[in-house]
Amino acid sequence: MVLLKKELILKICFCLIVITGIMVVYTPYSKAQVETPINLGIRLEGTGPSGEPLNGFEILFLLTVLTLAPSILIMMTSFTRIIIVLSFTRNALGTQQMPPNQVLIGLALFLTFFLMSPIGTEINENAIQPYLSGQMDQEQALEESMRPIREFMFKQTREKDLELFINLSGMDYPVTLEDVPNNVLIPSFIISELKTAFQIGFLIYVPFIIVDMVVASTLMSMGMMMLPPVMISLPFKILLFIMVDGWNLVIKTLITGFR
């Protein structure tokens, strides 16, 4: 045992000597490399619609649009109503985290893309492509891109909600829809979407509440006071949802509600 320990110590010492020698040999070369100046540069190049380089204002405008893109997607499209209704459906079923949040958000995003694809095509044809080809400036492109979005929001906005923000803004009552500014239209559209989503959620809750009441009254009549009614009603609610093809009905209601 003593001989084995001595051999192990000798091997460790030998390894340390070798490593030290390597470090001594390569240290000057490493220092030479460190002292060599390294120039790193980032160049931002791009061309505008007329072939000229993008100026600072155009780059700032592009970055601002990219930053606000999630808010635009959530607040100015059908995403708000869809995700709220899907969340109500999951809560009414009582399945806790099934489907998971990632699945609900993904489904809401794809349904939003499906519903907004005609508007996106119109924006691309009437605003983006003419701007890239130099046929219109940024202000005209922004106005043309907002036109189909405004038409979509006006169709889903209640007159009562629109009047609320017109009165709160202190502006004169507009004669036409073109006179309604975006800062009045967008919040009016959002609260209208919230009200519609909650109305649909109430209708989804009603049949599941009836199932809960029937199961709870049955358990009480049988004297099973310690058995949670939610545990018994959950399979029946899932079965009911499957038998009526619930996801098909919910998605159909959402899509047809925008058309």
Residue match in the range 128-141 (condition: small (Gly, Ala, Ser) and either more than 30 Å from Ala69 (Cβ to Cβ) or within 23 Å of the chain's Cα centre (by Cα) (or both)) = no
Does any residue in the range 172-196 that is over 18 Å from Phe258 (Cα atoms) come within less than 7 Å, Cβ to Cβ, of a residue that is surrounded by fewer than 17 Cβ atoms within 10 Å (Cβ to Cβ) and among the polar types (S, T, N, Q) six or more places away or on a different chain, and which pairs are these?
-> Val184/Ser169
Filter result (open to solvent by 40 Å² or more (accessible area, probe 1.4 Å) and polar (S, T, N, Q)) within the range 133-164 = Ser133, Gln135, Gln138, Gln140
Being aliphatic (A, V, I, L, M) and open to solvent by 70 Å² or more (accessible area, probe 1.4 Å) is the filter here, so list the residues in the range 75-124 that pass it.
-> Met75, Met98, Val103, Ile105
Among the residues of the range 213-233, how many are part of a helix (DSSP H, G or I) and either without any contact (Cβ under 8 Å) to a residue 12 or more places away in the chain or open to solvent by 50 Å² or more (accessible area, probe 1.4 Å) (or both)?
-> 10
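The values are calculated or read from the model by the stated rules, or taken from the named source; none is laboratory data. Treat the numbers as computed from the prediction; the structure is a model and nothing was measured. Here the Cβ is made from the backbone with ideal geometry for all residues, glycine too, and neighbour counts use every protein chain on show. For the accessible areas, the whole protein counts, side chains as well, though only heavy atoms, and no ligand, DNA or RNA atoms are used. Shrake-Rupley method; radii C 1.70, N 1.55, O 1.52, S 1.80 Å.
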